[in-house]
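The values are calculated or read from the model by the stated rules, or taken from the named source; none is laboratory data. What you see is a predicted model, and the numbers here were worked out from it, not measured in a lab. Cβ coordinates were reconstructed from backbone atoms using ideal geometry, including for glycine residues, and neighbour counts include every protein chain displayed.
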Amino acid sequence: MRYERRASPLHAARAGVAAAWALALSLAALLYHHPLVVGTVVAVILAAGALAGVGRRVARVLPFAIPFALLIALVNPLASREGLTVIWRFGELPVLGRLDVTLEALVLGLLLGVRALALVLAGALFTATVDPDELLRGLRRVSFRSALTAALAVRLVPVLVRDGRRLEDARRCRAEPPGRLAVVRAVAAGALDRAADVAATLEVRGYAAGGRHAGARRPWSRHDLSFAASAAAIVVLLAGGRLLGVAGVEAYPRTAVELGAAELVLCGALAAAALLPFADRRGIAR
């Protein structure tokens, strides 16, 4: 999956704002494991993908994300020995000892799996709607060539692997070989030095210099403001819900899931705050 420009309000927003909006949705899945809240996040992500014109691309990760979520759901009841309602007794097993699967551990595993699914979908939406080049260009304001250096350091991974092998061979040939931490430190230092040198060379050659207005700051558009306000509203709602104890879940010793008017209001407000910016399509190129 890669970024491709679409005619949508989310694509029209600047990369930093779109990234903050997607990360705010991820924060909802990290802070809550209430099934209604996490389900709302999943539904919002799928709806946002459809409204942004990347619904099919986001849905492509489901064949990979669903088995991963199921794996988490199955591993938790095998790893956790807590809970009062035993639904399956495996008896004594080598190394593991007595293994009893409880309903509470299974329910918590399902909730954790759905949270993982929400995070994977949020990452897919981030990848499909946030321009990586614009995001890296924004980092240039923090450090002059940090964005290009970081990108090159990642792309030079095969070279780093070869460097690490050569340094490891040299380490084994010494009478008193240094620790592996020293090898990792040397490889990391070499990676940053090489990436910085290549970045400086490309900068001298005018790589990604852009046009004559490349250095000018772009004014904030209505889509920038609406998605920034949406991300801030999502964070405020999440923090307020946590402070007020809304959407609480108690896994052990018995599973207890709060479900009332407060949880419904929180989920409705999250969905509205996240999806309202898509209603304004003025200024979108078709």
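Checking Ala262, Ala247 one by one, the residue that is hydrophobic (A, V, I, L, M, F, W, C), surrounded by 11 or more Cβ atoms within 10 Å (Cβ to Cβ) and modelled with pLDDT of 90 or more is Ala262 and no other. With respect to the conditions (1) β-branched (Val, Ile, Thr); (2) touching a strand residue (DSSP E or B) at 6+ places or on another chain (Cβ under 6 Å); (3) at pLDDT 85 or above, Val257 lacks only one, and its number is (3).
Could you pull out the residue among Ala228, Ala272, Ala239, Ala233 that is under 25 Å from the mean Cα position of the chain (by Cα), without any contact (Cβ under 8 Å) to a residue 40 or more places away in the chain, farther than 18 Å from His33 by Cβ and assigned to a helix (DSSP H, G or I)?
Working: Ala228 fails: without any contact (Cβ under 8 Å) to a residue 40 or more places away in the chain; Ala239 fails: farther than 18 Å from His33 by Cβ; Ala233 fails: without any contact (Cβ under 8 Å) to a residue 40 or more places away in the chain.
Answer to the check: Ala272.
Filtering Gly39, Gly49 for residues that are exposed (fewer than 15 other Cβ atoms within 10 Å of the Cβ), small (Gly, Ala, Ser) and at pLDDT 90 or above leaves a single hit, Gly39.
Residue check, Thr149 against (1) in contact with a helix residue (DSSP H, G or I) (Cβ under 9 Å, 6 or more places away or on another chain); (2) over 30 Å from Val54 (Cβ atoms); (3) modelled with pLDDT under 70, all met but one. Which one? Of the numbered conditions (1) in contact with a helix residue (DSSP H, G or I) (Cβ under 9 Å, 6 or more places away or on another chain); (2) over 30 Å from Val54 (Cβ atoms); (3) modelled with pLDDT under 70, the odd one out for Thr149 is (2). Only one entry of Ala29, Ala24 meets the criterion of being out of contact with any Cys (no Cβ under 7 Å at 6 or more places or on another chain), at pLDDT below 90 and surrounded by 17 or more Cβ atoms within 10 Å (Cβ to Cβ), and that entry is Ala29.
Among the conditions (1) out of contact with any Gly (no Cβ under 6 Å at 6 or more places or on another chain); (2) closer than 29 Å to Ala273 by Cα; (3) aliphatic (A, V, I, L, M), Ala79 misses just one, which is (2).
Restricting the stretch 79-132 to residues that are surrounded by 20 or more Cβ atoms within 10 Å (Cβ to Cβ) and not hydrophobic (A, V, I, L, M, F, W, C) leaves a set whose member that is modelled with the lowest pLDDT is Gly83. Is it the case that the stretch 101-115 has a residue that's touching a residue at least 12 places away in the same chain (Cβ under 8 Å), part of a helix (DSSP H, G or I), charged (D, E, K, R) and under 18 Å from Tyr252 (Cα atoms)? Yes, the stretch 101-115 contains at least one residue that is touching a residue at least 12 places away in the same chain (Cβ under 8 Å), part of a helix (DSSP H, G or I), charged (D, E, K, R) and under 18 Å from Tyr252 (Cα atoms).
Residues in the stretch 201-216 that are modelled with pLDDT of 65 or more and surrounded by fewer than 14 Cβ atoms within 10 Å (Cβ to Cβ): Thr201, Val204.
The numbered conditions (1) among the charged types (D, E, K, R); (2) in contact with a strand residue (DSSP E or B) (Cβ under 7 Å, 6 or more places away or on another chain); (3) under 24 Å from Leu276 (Cβ atoms) are all true for Asp100 except (3).
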